[in-house]
Structures are given as structure tokens and as C-alpha cells.
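Taken together, the values in this text are just the output of simple stated rules run on the coordinates, not laboratory data. Nothing here was measured: the structure is a model prediction, and the numbers come from that model. Here the Cβ is made from the backbone with ideal geometry for all residues, glycine too, and neighbour counts use every protein chain on show.
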Amino acid sequence: MTAPLQLSAGGSLYERIGPEALSALVTRFYMLVAQDPDLAPIFPNDLTLTAEKQLAFLTGFLGGPPLYHRTYGPPRLRARHLPHAITPTRGRAWLACMARALRDTPQIGEAEARELHSALTRVAAHMVNTAEEGGSQNTGVGQLLSID
Ligand code: HEM
């Protein structure tokens, strides 16, 4: 089983991944989001600021400097996502884009990729705020994809 965010082993996940690889990951991720039929409709056409905010957030979340906090204040991510209808399908699509972006970013090692994806799976489950169109009410973590 993959342990979440091992901040002690070899430094923070941020240190182990490094700012360049993290930035490459975020850029790749939003290129995939822009092409995803479930996700693209709820995101702005221009993803520049969204990507900047995500990079700032992930930097702090993974143990680096609290860049998001400094510029935008407390993340309160669930509240910030409430204006957007985040169904389990969109949660899975988000995680699938992240899994693919991780695979396509070879500077990020497999262990770090697994840890990051595992942590993001939990955050993504927390962002789901809307039942599936068509009736299913299951919004649990078990409904969301793992990297495997
Ligand atoms: C579960 C699937 C998710 C969906 C469908 C989703 C969707 C969105 C959307 C539509 C926005 C607004 C974009 C904009 O107007 O710029 C947003 C913003 C954001 N998302 Fe997500 N998100 C998801 C999960 C996550 C996760 C897991 C994280 C953290 C790792 C995250 C971090 C952020 C951040 C930092 C912002 C910017 C907030 C701000 O406006 O300051 N999101 N997301």
C-alpha cells in the first residue's frame, strides 16, 4: 500500500520532485484538461491563471513554500470548488488527466508519482459536490481512479 505524503523520507515530496518537474506536470495536466470532454466545459478557455494557481497550491501542499496562501489566502479548496458542478465522473476524469500527466513527465520518479497521485485522490474525493447526472449518489473515494 502506498503511504501518503512521506514528508520525512528524503525530504518533502516538493523537494524530491523539484519545481521544474512540478511546473511541467501542471502544464501537461491542463493541456489534457482542455481536451477532456467532461472537464473542458467547466473550466475557463484560458487556463493560464488556473495553472498558475494550481502550481502555487501544489508547491505548498507538497511541502514547499506556501505560494498560494501568500497570494490568494487560505485555499479553502472545497468552498472554492462549490460554484462548479463536480460529479464523480468529473473527479475520475480529473484524476485520469493527472495520472496521464504524471506518466508523461519522466522527470518525476515512479515512487513520487504514486505518492502524489494517492494524495490527490483523497483531495479530489473531497471536491466532489454534485451527484451524478442520471441518478447514482455514490461520491465515495472508492469511485475514484487510482494510478494503476
Ligand atoms: C475532483 C475534480 C476537480 C475538478 C473537476 C476541479 C475543477 C476546478 C475548476 C472548474 C476550477 C476553477 C478554474 C478557474 O476558474 O480558474 C478549479 C480551481 C482550482 N482547483 Fe480544482 N478541480 C478538481 C480537483 C482539484 C484538486 C484535487 C485540487 C488540489 C490538488 C484542485 C485545486 C484547484 C485550485 C488550487 C484551483 C484554483 C482555486 C482558485 O480560484 O483560487 N482541484 N478546479
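Descriptive notes on the structure:
- Placing unit charges on the Cβ atoms only, positive for Lys and Arg and negative for Asp and Glu, gives segment 13-143 a dipole magnitude near 320 debye about its Cα centre.
- Dimensionless Rg/Rh of segment 13-143 - Kirkwood Rh, Rg from C-alpha atoms: 0.95
- Environment charge at Gly73 (Cβ cut-off 12 Å; Lys +1, Arg +1, Asp -1, Glu -1): +4
- Residue among Pro19, Cys97, His126 farthest towards the positive dipole end of segment 13-143, charges placed on Cβ: His126
- Net charge, Ile17 excluded, C-beta distance under 11 Å - Lys, Arg +1, Asp, Glu -1: -3
- Each residue, Ala34 and Arg92, gets one label point 7 Å from its Cα in the Cβ direction; the gap between the two is 2.6 nm.
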